[in-house]
Amino acid sequence: MNSTSRPERAATKFAAQDRQSSIARILRAHAERTPGRIAFSFLSGRTKQQTDLTFGSLDRDAARIAGFLRGRGVTEREPIALTFPPGLEFIRALFGCLYAGAIAVPTTDPYRRTRTATRLNSILSDVGPRFGLTVDAIAPKVNEQLWPEHRRIQWFATNLMDSPDPPHEIPDVAADSPALLQYTSGSTASPKGVVLTHRNLIANQLSIAETARQTSESVFVGWLPPYHDMGLIGLILHPVYLGARSVLMSTFEFLQRPFRWLEAISQFRGTASAAPNFAYDLCVDRISDADASALALDSIEVLINGAEPVRPETVERFERKFAA
């Protein structure tokens, strides 16, 4: 039996690869090879609206945002705060930061609750960014909820950005330079930040790939917030790492009607998904037998349960409910 842990094996594999490897360069490679392939789809459950984003389009959008940021004097390794409503614009902004060589700082969507605004302001106090990215639809709401000391931050709407000459070259970044600052939820204390380097991200992706065994033909489906680990690393970065497709929806629409999650897996022939334990309980308790009988879940290869205590009885109930 190999005594080396899986993360250590993943880190060793990465060490043997190009040390300039980064998620940004991986996206660029997919865009060059398969520009028309769908990378992300976002579903709006109430209207049944589907918005798609190809690898080629994401590459161009990221370059456009990176060009805009550089034109405003953003430097490499500079933190940029991200606050977005559910949708694809967060993904464009995330890769725009990485394409610019900046450090992306996902915060939260301050649209609904006071606690999320407190979390946003706590993160801004910790990071002290000059710039933040959002969309024009919620920019006024963001400004309303900022503490006075954060009113100096310049916020740009990525959906309104125009860069006449977007950069074509992604900066060479050292493997150990920061790529992301990821913060805890702040539900029990002030949010705590963790620095994730480009090496961290690639090693983590190798470890996930070894465990989940998905491929470029896989289809990920999920509703998790992109500013938490499972949603960001598992449902956004991992599909890009593989060159696979990810079908996303908002957390609110899942909570409103859990059936939408499994319906999307059925419709798009999803092979992998992830959620906290409570989500599997919700599906058992709130999806009728009639609705369950309409699902085709035989495409599923991996369902991940994590981010909170995993209860065996929940897994057993879920398996029984949807076995057919």
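Residue check: is Leu248 touching a residue at least 60 places away in the same chain (Cβ under 8 Å), outside any helix (DSSP H, G or I) and not polar (S, T, N, Q)?
Yes: the conditions hold for Leu248.
Could you list all residues from the range 179-212 that are assigned to a loop (DSSP other than H, G, I, E, B) and open to solvent by less than 30 Å² (accessible area, probe 1.4 Å)?
Gly186, Pro191
In the range 50-81, what residues are hydrophobic (A, V, I, L, M, F, W, C) and more than 23 Å from Arg245 (Cα to Cα)?
Ala66, Phe68, Leu69, Val74, Ile80, Ala81
From the set of residues in the range 213-233 that are among the aromatic types (Phe, Trp, Tyr) and open to solvent by less than 20 Å² (accessible area, probe 1.4 Å), which is nearest to Thr54 (Cα to Cα)?
Looking at residues that are among the aromatic types (Phe, Trp, Tyr) and open to solvent by less than 20 Å² (accessible area, probe 1.4 Å), I get Phe220.
Residues in the range 252-299 that are touching a residue at least 60 places away in the same chain (Cβ under 8 Å) and basic (Lys, Arg): how many?
Count: 2.
Can you find a residue in the range 45-56 that is over 30 Å from Gln154 (Cα atoms) and either modelled with pLDDT of 95 or more or assigned to a strand (DSSP E or B) (or both)?
yes
Would you point out the residue of the range 295-309, among those that are of a type in the set (A, V, I, L, M, F, W, C), more than 23 Å from the chain's Cα centre (by Cα) and over 14 Å from Arg257 (Cβ atoms), that is surrounded by the most Cβ atoms within 10 Å (Cβ to Cβ)?
The residue in question is Leu297.
Considering the range 256-282 alone, what residues qualify as being surrounded by fewer than 21 Cβ atoms within 10 Å (Cβ to Cβ) and over 20 Å from Ser41 (Cβ atoms)?
Answer for the range 256-282, where residues must be surrounded by fewer than 21 Cβ atoms within 10 Å (Cβ to Cβ) and over 20 Å from Ser41 (Cβ atoms): Pro276, Asn277, Phe278, Asp281, Leu282.
Checking Glu313 against (1) within 24 Å of Leu120 (Cα to Cα); (2) not small (Gly, Ala, Ser); (3) not in a loop (DSSP other than H, G, I, E, B): exactly one of these is not met. Which one?
If we test Glu313 against (1) within 24 Å of Leu120 (Cα to Cα); (2) not small (Gly, Ala, Ser); (3) not in a loop (DSSP other than H, G, I, E, B), just (1) comes out false.
So is Glu217 out of contact with any helix residue (DSSP H, G or I) (no Cβ under 7 Å at 6 or more places or on another chain) and under 23 Å from Ala275 (Cβ atoms) or not?
It is true that Glu217 is out of contact with any helix residue (DSSP H, G or I) (no Cβ under 7 Å at 6 or more places or on another chain) and under 23 Å from Ala275 (Cβ atoms).
Only one of Val74, Val105 is part of a loop (DSSP other than H, G, I, E, B) and of a type in the set (A, V, I, L, M); which?
From the options Val74, Val105, the qualifying one is Val74.
List the residue pairs whose Cβ atoms are under 9 Å apart, where the first residue sits in the range 95-111 and is modelled with pLDDT of 90 or more, the second is among the hydroxyl-bearing types (Ser, Thr, Tyr) and open to solvent by less than 10 Å² (accessible area, probe 1.4 Å), and the two are 6 or more positions apart or on different chains.
What qualifies is Gly96/Thr158; Leu98/Ser22; Gly101/Ser177; Ile103/Ser177; Pro106/Thr83; Thr107/Thr83.
For the range 76-88, indicate whether the set of residues that are buried (at least 18 other Cβ atoms within 10 Å of the Cβ) and out of contact with any strand residue (DSSP E or B) (no Cβ under 9 Å at 6 or more places or on another chain) is non-empty.
No, that holds for no residue.
Could you please find all residues in the range 217-236 being outside any loop (DSSP other than H, G, I, E, B) and among the aliphatic types (A, V, I, L, M)?
Listed by number, the residues that qualify are Val219, Val221, Met230, Leu232, Ile233, Leu235, Ile236.
The values are calculated or read from the model by the stated rules, or taken from the named source; none is laboratory data. This structure is a prediction, so every number in the text was calculated from the model and none was measured. All Cβ positions, even for glycine, are placed from backbone atoms using ideal geometry, and neighbour counts span all protein chains on display. Note: accessible area is taken over every heavy atom of the protein model, side chains too, but ligands, DNA and RNA are not part of it. Shrake-Rupley method; radii C 1.70, N 1.55, O 1.52, S 1.80 Å.
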